[in-house]
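Participant: Handing you a structure now.
The values are calculated or read from the model by the stated rules, or taken from the named source; none is laboratory data. Predicted, not measured: the structure shown is a model, and the values here were computed from it. In this analysis, Cβ positions are derived from the backbone assuming ideal geometry, glycine residues included, and neighbour counts consider all displayed protein chains. Heavy atoms of the whole protein, side chains included, go into the accessibility calculation; ligands, DNA and RNA do not. Shrake-Rupley method; radii C 1.70, N 1.55, O 1.52, S 1.80 Å.
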Amino acid sequence: MAELESTVINTNVNQKDPSTALVIAVTTRAIFNLEEEHKLYLEKGKEEYTRHQQANQDKPLPPGTAFAFIQAVQYVNKKILESNPAERDLFDILVLSNNSPESGVRIINSAKHYGLEISKFCFVSDEDSTQYLKSHGVKLFLSADRTDVCNALRRGVSAALVFQQEVQAPSTPLRVVFDGDAVLFSDETDLIFQEQGLEGAVQYERAMEAVPIGEGPLKAFAMHLGKLRKKFGQGESPIRTYLVTVRSGRDMGVRAIKTLREWGLPIDEAFFMDGAPKGPILAQIQPHIFFDDGLHNIQGAQNVGVPSAWVPSCC
């Protein structure tokens, strides 16, 4: 039987309306670097891990891969409220953790140390904490655990796997890069490519050019992000979004562009790489987070210090 979650409300930040906010849930290992502590948990068990966290509860944890992304999201909220202090369409961040409340004190203290505007901390003892995502209205879930991510995707929540890495904190505005197929879009063309090769995929795209591509696992999050993006003019927005895809612009780009237009999803820049490595262009963009379904593209992003999150298609 699932244990009830223990939720700690952070009264130091303004509470957001979950019915209108873009709620992002992050696990502790996604936002902070807990690799040493996680190793201790695996090798010595939960009790030793809890003792360690309690003994170090006033020692801030170092930033993790999603840290800069959360900071940039916080900056967007600031700019939105400067424009309209009564605005309710804001980002809302909550931490979802398998820590006990006792060992979670260090997590809360670390967030306060860095001035992170995290509204809720949810400590869940049950193995599948993702069962609480929809009750909190979560639109994006970032975790360092593949099982968590797959469970969230099965529940219909946009989710991605964060790999721990050393990242440089990019400057504002918030920059988010999406891959196309199997991330923003469905994997329908990928499946044709696997069965019939490049020529078959190109012919399929030409035949289907007037038909929007199906929804991918991160489309819902991208649409919510686009809604916030539209609150600002082109030159003043604190949000910039990018499409970086292996598709060829000449042969397979038109349908992608028409699909984005049909969805009403604003994308600031689109790069059709025609199979070329994505690392160099990502290094130029310097996003706060890059979503892709290909592990080789994730590795290329990591090699140039770009915070990246894998959207698995084989859960």
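Participant: SER171 label point, 7 Å along Cα→Cβ, cut-off 16 Å on backbone N: hits in the range 270-314?
Facilitator: Label zone hits: 284-288.
Participant: Related question: Over the chain, average the accessible area per residue using a 1.4 Å probe and give it in Å², no decimals.
Facilitator: Heavy-atom accessible area per residue stands at 45 Å².
Participant: Extending each Cα 7 Å along its Cβ direction at GLU199 and ILE281, get the distance between those two points in nm, one decimal.
Facilitator: Inter-label distance under the simple model: 2.6 nm.
Participant: Check PHE185: other-chain or 5+ apart residues with amide H under 5 Å from its amide H, H built from backbone geometry?
Facilitator: Those qualifying (amide H under 5 Å, at least 5 residues apart or on another chain) are GLY216.
Participant: What is the range 217-310 by shape, rounded, prolate or oblate, if you read a ≥ b ≥ c off the alpha carbon gyration tensor as root eigenvalues and call it rounded for a/c under 1.5, prolate for a/b larger than b/c, and oblate otherwise?
Facilitator: Taking the square roots of the gyration eigenvalues as a ≥ b ≥ c, the range 217-310 is oblate.
Participant: On average, how much area does the Cα convex hull of the chain cover when viewed from any direction, in nm²?
Facilitator: That works out to 16.6 nm².
Participant: Starting from the exponent 0.38 and prefactor 2.2 Å, build the expected Rg for the range 117-156 from its residue count and divide its actual Cα Rg by it.
Facilitator: For the range 117-156, the normalised Cα radius of gyration comes out at 1.13.
Participant: Which distance in nm do the two modelled labels at ASP274 and LYS112 give, with both placed 7 Å along the Cα-to-Cβ direction?
Facilitator: 5.6 nm
Participant: Something else: If packing is taken as the mean number of other Cβ atoms within 10 Å per residue, what is the order of 172-181, 295-304, highest first?
Facilitator: 172-181, 295-304
Participant: Whole Å is fine, so just give me how far the alpha carbon centre of the range 236-270 lies from that of the range 50-102.
Facilitator: Answer, in whole Å: 29.
Participant: Turning to a different aspect of this structure: Please report the carbon-and-sulfur percent of the accessible area for the chain; probe 1.4 Å, protein heavy atoms only, DNA, RNA and ligands left out.
Facilitator: Carbon with sulfur: 49 percent of the solvent-accessible area.
Participant: List the pairs from LYS112/LYS227; LYS59/LYS134; LYS219/LYS258; LYS46/LYS139 whose alpha-carbon separation is above 22 Å, in the order I gave them.
Facilitator: LYS112/LYS227; LYS59/LYS134; LYS46/LYS139
Participant: Same structure again: To the nearest 20 debye, what charge dipole does the chain have about its Cα centre, counting +1 at the Cβ of each Lys and Arg and -1 at the Cβ of each Asp and Glu?
Facilitator: 900 debye
Participant: Any chance you could run the full-extension gain for ASP17 through GLU35? It's 0.36 nm times the residue separation minus the Cα-Cα distance, nm to one decimal.
Facilitator: Residue separation times 0.36 nm, minus the Cα-Cα distance, leaves 3.2 nm.
Participant: Just from its helices, what would the mean residue ellipticity at 222 nm be for the chain, if runs of 4 or more DSSP H residues each count -39500 (n - 2.57) and the sum is divided by every residue, rounded to the nearest 500 deg cm²/dmol?
Facilitator: Result for the chain, helices only: -11500 deg cm²/dmol.
Participant: Also, I was wondering about something else. With both bridge residues required to lie in the chain, what share of the DSSP beta bridges run antiparallel, to the nearest 5%?
Facilitator: Restricted to the chain, the bridges split so that about 20 percent are antiparallel.
Participant: Ok, one more. Using the Cα centre of the range 112-175 as the reference point, and only Cβ charges (+1 on K/R, -1 on D/E), how large is the resulting charge dipole? Debye, rounded to the nearest 20.
Facilitator: Around 300 debye, computed over the range 112-175.
Participant: Students often check this: by mean Cβ neighbours within 10 Å, which of 148-156, 136-144 ranks highest, and how do the rest follow?
Facilitator: My ranking of the peptides, most packed first, is 136-144, 148-156.
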